[in-house]
1. Working carefully through the options 230, 193, find the one that is under 30 Å from residue 306 (Cβ atoms), outside the structural domain of residue 305 (by TED's automatic domain parsing) and out of contact with any Gly (no Cβ under 7 Å at 6 or more places or on another chain).
2. Give the residues of segment 299-322 that are of a type in the set (Val, Ile, Thr) and surrounded by fewer than 16 Cβ atoms within 10 Å (Cβ to Cβ), sorted by residue number.
3. Looking at segment 240-252, is at least one residue in a helix (DSSP H, G or I), crowded, with 17+ Cβ neighbours inside 10 Å and touching an Asp or Glu at 6+ places or on another chain (Cβ under 6 Å)?
4. Test each condition in (1) in a helix (DSSP H, G or I); (2) closer than 23 Å to residue 297 by Cβ; (3) without any contact (Cβ under 8 Å) to a residue 60 or more places away in the chain for residue 207 and report the one that comes out false.
5. For segment 335-350, does any single residue satisfy the condition of being assigned to a loop (DSSP other than H, G, I, E, B), touching a helix residue (DSSP H, G or I) at 6+ places or on another chain (Cβ under 8 Å) and not hydroxyl-bearing (Ser, Thr, Tyr)?
6. Looking at 304, 326, 334, which is the one that is in contact (Cβ under 8 Å) with a residue 24 or more places away in the chain, touching a Gly at 6+ places or on another chain (Cβ under 9 Å), assigned by TED's automatic domain parsing to the domain that holds residue 41 and more than 22 Å from residue 374 (Cβ to Cβ)?
7. Kindly indicate the residue of segment 353-372 that is in a loop (DSSP other than H, G, I, E, B) and in contact (Cβ under 8 Å) with a residue 60 or more places away in the chain and also surrounded by the most Cβ atoms within 10 Å (Cβ to Cβ) among those meeting that condition.
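The values are calculated or read from the model by the stated rules, or taken from the named source; none is laboratory data. For clarity, every value in this text was computed on a predicted model and none was experimentally measured. Positions of Cβ are generated from backbone atoms using ideal geometry, with glycine treated the same way; all protein chains shown enter the neighbour counts.
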Amino acid sequence: MVSRRAFLQAVPMGALSLAAAGTPLALGAAPAPAPAEKPLQADKIVALVGDDVPTRSIWLPHRLDEAIAGDTEVGDIYLQEGAVGKLEKRFAELLGKEDAAFMPTGTMANQIAVRILCGDRRHLLLQKESHVYRDEEDATPVLSGINPVPIEGGTGEQLVASIEAAYNQRSEDPYPLEVGAISLESPVRRLDGSTIALDTILRIAAIAKKNGSGMHLDGARLLLMSGMQGFDPKAYAAPFDTVYVSLYKYLGAPFGAILAGDKAHIDRARHVRHIFGGTIFRGWPSAVLTLRGLDHFGERFARVRTAGEALLVKLASMPGIRIERVERGSNIAVAVLDPNVADGLRERARAADIVVGKPDSGRLHLTFNETLLRKPTATIAQVFAT
């Protein structure tokens, strides 16, 4: 399982900037400086790390100009109309919901959703590995007075039994827990992008309905399931009252999130967004880039999945490499490398304009994104050869 720090540092920013050779201070003659590494071109590399396509901040004005393409109606005011309004309608349709609201951050989207769904029933069931529980500090109890109840099961069948046990325990207690909602994350970053099967979600949704609890999907990386057998965003989102999707993790936006649901929930969400200080003056820069990134994303990422599978098959056939699959994985696998393969891998990869992470005790996380389509599978696999 990759840590948050390792995940965020997976693409070394220095690798995407111009290399600078420094001269060390020393008495006497200075040693010859080490040769500068060849600078990598962010628009040319294959990055086997991270969900998004690496880009440079300096390119943002050009990217915005291309995305606007002369449209004079992109501007919003306090997240109303313009590109933001178009994006909200686009996501509502994509997820099969009545409405959707732009949020400045995913944490805000999650927190507003669970606040609305729980209401006066002050307990929230959620996976112990989930972002809401592990990465949003104490936002749930501090902001909304809601108590998170972490459950076992990850993304597997055990989730159903854990949720049933949590509800059954209420009958044994003189002061039973009042569960307002269940929050499920899928794919789960802390479980290397493992996803929950739709059948499992439907069984959990039946339990929630029986007990009068809401259902929230932390689907920050939901669209990375594109190309998985049987995946359809509307069908996957249907059992949930609210669904959050990130705009910047892989859709090319600099920030932002979408929260979708029925009209009553999303009307309330916009009100709570303002209470939380999230009604920013302009959201259109994020919205126009997301709209562009959404165009044919499902088809593009299906191609990424096919290319990733071909690469894993090729690597598995090479000496000194063993591939570990993530159960119901979205876009991550692990290559277990013999020392002779791991030694010098990053340098060999860099020379071929390929970025890989740092193997940890021979284990290398391979994360597939759209840069995988920039080179033939055989070319990428060759850097693993010894």
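1. From the options 230, 193, the qualifying one is 230.
2. Those that are of a type in the set (Val, Ile, Thr) and surrounded by fewer than 16 Cβ atoms within 10 Å (Cβ to Cβ): 306, 313.
3. no
4. (2)
5. no
6. Of 304, 326, 334, the one residue that is in contact (Cβ under 8 Å) with a residue 24 or more places away in the chain, touching a Gly at 6+ places or on another chain (Cβ under 9 Å), assigned by TED's automatic domain parsing to the domain that holds residue 41 and more than 22 Å from residue 374 (Cβ to Cβ) is 326.
7. Among residues in segment 353-372 that are in a loop (DSSP other than H, G, I, E, B) and in contact (Cβ under 8 Å) with a residue 60 or more places away in the chain, the one surrounded by the most Cβ atoms within 10 Å (Cβ to Cβ) is 368.
One line per residue, one yes/no per condition, for (1) over 20 Å from residue 249 (Cα atoms); (2) at pLDDT 95 or above; (3) of a type in the set (Ser, Thr, Tyr):
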| site | (1), (2), (3) |
| --- | --- |
| 311 | yes, yes, no |
| 330 | no, yes, yes |
| 340 | yes, yes, no |
| 348 | yes, yes, no |
| 352 | yes, yes, no |
| 363 | yes, yes, no |
| 369 | no, yes, no |
| 372 | no, yes, no |
